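Okay, so here's the structure we're looking at.
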Amino acid sequence: MKQDCLLFGAAYYDEYMPYDRIETDMSLLKEAGMNVIRIAESTWSTWEPQDGVFDFTHLHRMLDAASRHGLNVIVGTPTYAIPSWLAKKHPDILAVTKNGQELYGHRQLTDITNPSYLKYAERIIRRLMEEVQNYPNIIGFQLDNETRSAGAASPETQALFVSRMKEKYPDIEDFNLAFGLDYWSNRIAGWEDFPDIRGTINGSLSAAYKRFLRDCITNFLHWQASILREYMKPGQFITHNFDFSWMEYSFGLQPEVNQFDAARCMDVAGADIYHPSQEHLTGAEIAFGGAVARSLKKDNYLVLETQAQGRLTWLPYPGQLRLQAYSHLASGANSIMYWNWHSIHNSFESYWKGVLSHNLEPNATYHELKAFGAEARPLEKHLINLRKDCKAAIIIDNASLTGLDEFPIYEEGAQSISYNHILRQFYDACYQMNLECDLLSVQDNFSDYPVLIVPALYSASEETLCKIKNYVQEGGHLLLGFKSGFSDEELKIYHDNQPHLLTDCIGAAYDQFTRPENVALHFTEAFSKNSLELPENDFPVSEWMELIQPETAQVWASYKHPYWGEYAAVTYHEFGKGSAAYLGCFTSIPALQLLIQRICSIANIKLPEYSFPLILKKGYNDAGNLIRYYFNYSSSPVSFCYDGKKGTELLASKKVSACEQIEIPAWNLLIVEER
């Protein structure tokens, strides 16, 4: 969705303030160059303090004040945190999980399939929309907030799941066969005998239930969107703030939501992206989150939440807020919005600090954002609606994520690498070597990408595997990672050589695997032939290794080990008009980068000669000009030879020539528009 201007702002909560300062805050927002606030998504108990008693005083105060100060507003539906009176009146709204019924207090603990919850949620949504529908400064609406299903498993919710299974498998014997329920006497003779899903030891059945809960979220968001569209006016949009798996910051694919399906009801995708800071700021989480959000609608997206000060270790060095803001734009974002405008003085997120600290006075964070606003606003027409043109794509897949949760790399409870660790290993290898990637679902069309990277596609239908094979046959170049093509959609393991249906494509197969100890990856002469120099060093192999037996494939790398050395670790095979490389182990980012560099060379993709901490991100603006962002994510200056066509460096309004030597200071950037 194209924007006329950069949306720059913050979440604002008048109802959280210790005293009335709304005019002061709106003035400070405006002075900082901000033009939008996000409100309302977490305050159901404020709007409806008692059953059927509504008070929208704070809502109108915020909307009216924003209007007086020329600020746009995004209104969120307040359904992700229920009021206490509702929990008391209908305790069954609180989700029943493996640990019993949830206790009131935290957000996102409701069963979103519960009829009572949906009844009251619809009522508050409609009342909210009636209150806001005549405000011209409302530009869009946010559905719920980082929606969850809370692991709901009440008898009523499970009955919905059983109905789905009955619809998919009309013959219960087909159901027993698909899920392998003969094992440990789990066979079900009649649907009325279906056991409580919370006790299952069957990973396939557990994964199917998790898929059902993801679909419940999709249905819930689509349901909300249909209500909002009854009230919306032309030009207003619907979005949602999708988030990611969490490892003290935004890390990988969100396991609880099928974001591709959920985003279909939205006009523009939104994302909440949080990341390390100070010496740990790399830009990788911003790029990864942006690539996911951009891929959901194949379009630009909104950053609805990111950090200003944030958590204790996130307080940015001087210059980093500016660097982070441009990093979002360089990934295709059309907005930068901070959570929160002000630091909260009580309750759960008191030390997740906003733009303003607890004294609510302009500070270093505020002044840096104000400077960014003043700098970026005159350039916004050059920078917004950036159209990316990635030559490589990475497949991301919720089913495979769940599959590796149910059947982890390690057994017997040992700490294991997850799907997201594997995914980020591949993504970060590309990111650090300046290969920009789109992130696609298996349903997407990837035929236009010269390079396709598929990490750990553990759960894959035969249709998907044939689609990947056809991609190679038609001229694509594939890097297929270990643990791919292992099981079907229900996590039933295929009963032939691995990877299923792809052994002819990769020209190799395997049937044994183990956890490596004292094993290294050794590149062979076949890898370096007519291309790269043979690496002097070997590379570590850890976590997982497959004992690959090449048939018609070249061996690009073998295992350096007294017993496993006869097996291949990496194979390469020309197949049809394209080629497929297969990596059978978990290895280091430098080893991955050598593989990716080799495949890009075969696909005629030229990579920059520099790498992290100097990061290049690029795309085309509305004028059709190529914008090249160069970021220095380090505490030392970096120098490089400018590798684009002549153009204008926008921040300094200075001409740049091809092959010009340029230095970028620490935690800084430059933006060149080619002309």
Report task. Restricting attention to segment 606-642, report how many residues are within 30 Å of residue 5 (Cβ to Cβ), polar (S, T, N, Q) and not in a loop (DSSP other than H, G, I, E, B). Result -> 1
Requested in this report: Quick one: residue 549 ticks every box in (1) under 32 Å from the mean Cα position of the chain (by Cα); (2) farther than 27 Å from residue 606 by Cα; (3) part of a strand (DSSP E or B); (4) free of Cβ contacts under 8 Å to residues at least 60 places away in the same chain except a single one, so which number is it?
Outcome: (1)
**Report entry** Hits in segment 606-642 - residues which are surrounded by fewer than 18 Cβ atoms within 10 Å (Cβ to Cβ), over 25 Å from residue 277 (Cβ atoms) and of a type in the set (Phe, Trp, Tyr)
**Finding:** 620
**Report entry** Single residue of 160, 177, 143 found to be of a type in the set (A, V, I, L, M), under 27 Å from residue 254 (Cβ atoms) and surrounded by fewer than 20 Cβ atoms within 10 Å (Cβ to Cβ)
**Finding:** 160
**Report entry** Selection status of residue 34, in contact with a strand residue (DSSP E or B) (Cβ under 9 Å, 6 or more places away or on another chain), in the same structural domain as residue 328 (by TED's automatic domain parsing) and either under 22 Å from residue 334 (Cα atoms) or in a strand (DSSP E or B) (or both)
**Finding:** yes
Query raised in the report: Of all residues in segment 437-469, how many are out of contact with any Phe, Trp or Tyr (no Cβ under 9 Å at 6 or more places or on another chain), in a loop (DSSP other than H, G, I, E, B) and surrounded by fewer than 21 Cβ atoms within 10 Å (Cβ to Cβ)?
Result: 4
Query raised in the report: Which pairs do you get when a residue that is in contact (Cβ under 8 Å) with a residue 40 or more places away in the chain and closer than 19 Å to residue 282 by Cβ, found in segment 633-651, comes within reach of a residue that is of a type in the set (S, T, N, Q) and part of a loop (DSSP other than H, G, I, E, B), reach meaning Cβ atoms under 9 angstrom, with the pair 6+ apart or on two chains?
Result: 633/282
Report task. Restrict the check to segment 252-272 and report whether at least one residue is farther than 30 Å from residue 129 by Cβ, in contact (Cβ under 8 Å) with a residue 40 or more places away in the chain and polar (S, T, N, Q). Result -> no
Requested in this report: For segment 191-247, enumerate the residues that are within 24 Å of residue 121 (Cα to Cα) and either free of Cβ contacts under 8 Å to residues at least 12 places away in the same chain or assigned to a loop (DSSP other than H, G, I, E, B) (or both).
Outcome: 219, 229, 230, 231, 232, 233, 236, 240, 243
Report summary line: Exactly one of 146, 130, 167 is more than 28 Å from residue 102 (Cβ to Cβ) and either in the same structural domain as residue 232 (by TED's automatic domain parsing) or in a loop (DSSP other than H, G, I, E, B) (or both), and that one is 130
Requested in this report: Looking only at segment 253-267, decide whether some residue is touching a strand residue (DSSP E or B) at 6+ places or on another chain (Cβ under 6 Å), not assigned by TED's automatic domain parsing to the domain that holds residue 630 and not polar (S, T, N, Q).
Outcome: yes
Query raised in the report: Would you call residue 529 among the basic types (Lys, Arg), loosely packed, with under 15 Cβ neighbours inside 10 Å and at pLDDT below 95?
Result: yes
Report task. Hey, could you check segment 643-675 for residues that are of a type in the set (S, T, N, Q) and either in the same structural domain as residue 287 (by TED's automatic domain parsing) or part of a loop (DSSP other than H, G, I, E, B) (or both) and say which is farthest from residue 277 (Cα to Cα)? Result -> 657
Query raised in the report: Take the residues of segment 643-673 that are of a type in the set (Asp, Glu) and out of contact with any helix residue (DSSP H, G or I) (no Cβ under 9 Å at 6 or more places or on another chain): which is surrounded by the fewest Cβ atoms within 10 Å (Cβ to Cβ)?
Result: 663
**Report entry** Boolean, residue 64 is part of a helix (DSSP H, G or I), surrounded by 15 or more Cβ atoms within 10 Å (Cβ to Cβ) and not small (Gly, Ala, Ser)
**Finding:** no
Requested in this report: Of the numbered conditions (1) surrounded by fewer than 18 Cβ atoms within 10 Å (Cβ to Cβ); (2) in contact (Cβ under 8 Å) with a residue 12 or more places away in the chain; (3) not assigned by TED's automatic domain parsing to the domain that holds residue 269, residue 93 fails exactly one; give the number of that condition.
Outcome: (1)
Requested in this report: Please tell me if residue 504 is more than 18 Å from the chain's Cα centre (by Cα) and surrounded by fewer than 22 Cβ atoms within 10 Å (Cβ to Cβ).
Outcome: yes
Query raised in the report: Does residue 524 fit the bill of being surrounded by 15 or more Cβ atoms within 10 Å (Cβ to Cβ) and more than 33 Å from the chain's Cα centre (by Cα)?
Result: yes
**Report entry** Members of segment 557-598 found to be assigned to a helix (DSSP H, G or I) and either of a type outside the set (Val, Ile, Thr) or not assigned by TED's automatic domain parsing to the domain that holds residue 546 (or both), listed by number
**Finding:** 590, 591, 592, 593, 594, 595, 597, 598
Report summary line: The lone condition residue 667 fails out of (1) of a type in the set (A, V, I, L, M, F, W, C); (2) in contact with a Lys or Arg (Cβ under 9 Å, 6 or more places away or on another chain); (3) within 30 Å of residue 569 (Cα to Cα) is (3)
Report task. Could you list, in sequence order, all residues of segment 355-397 that are out of contact with any Ser or Thr (no Cβ under 8 Å at 6 or more places or on another chain), crowded, with 17+ Cβ neighbours inside 10 Å and assigned to a strand (DSSP E or B)? Result -> 392, 393, 394
Requested in this report: Inspect all residues belonging to segment 93-101 and state whether any of them is modelled with pLDDT under 95 and not in a strand (DSSP E or B).
Outcome: yes
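The values are calculated or read from the model by the stated rules, or taken from the named source; none is laboratory data. This structure is a prediction, so every number in the text was calculated from the model and none was measured. Heads up, the Cβs are rebuilt from the backbone with ideal geometry, glycines too, and the neighbour counts pull from every protein chain shown.
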